[in-house]
Amino acid sequence: MRPSSLRGGGTLQPSATAEEDVVAMRVEDDGDGIPAEVLPRLFELHTRRERTSATPGLGIGLLLVKRLADLHGGVVEGRSARAAAPAARSRDGCR
């Protein structure tokens, strides 16, 4: 997979690897990171890093990712180099 550009600059690097009996899909970027206070609710509806009209988006993208992963028995994690807090983790609606 090849990198793509992010709004506002930076790059997004998707990857997929086979690990035992699962496929691990990762998306990494070189953006500003996610603040620690946002990580616990990262996969909730309307969660956005900034709640301003200047920031595009509805805050539903990661919720959709989580629901699709749940439907397939998968796990979704969110991590940030910016936050010292543990990663947000979701499986069947649990953190």
Handout entry: Single match in Arg26, Arg41 (criterion: outside the structural domain of Val76 (by TED's automatic domain parsing), surrounded by 11 or more Cβ atoms within 10 Å (Cβ to Cβ) and at pLDDT 85 or above)
Key = Arg26
Fill in the blank from the handout: In region 11-35, residues that are on the phi > 0 side of the Ramachandran plot and over 16 Å from the mean Cα position of the chain (by Cα) total 1
Fill in the blank from the handout: Of the residues in region 47-78 that are modelled with pLDDT of 85 or more and part of a loop (DSSP other than H, G, I, E, B), the one that is farthest from Met25 (Cα to Cα) is Ile60
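The values are calculated or read from the model by the stated rules, or taken from the named source; none is laboratory data. Computed from a predicted model, the values in this text were never measured in an experiment. Please note: Cβ atoms are built from the backbone with ideal geometry, for glycine as well, and neighbour counts cover all protein chains shown.
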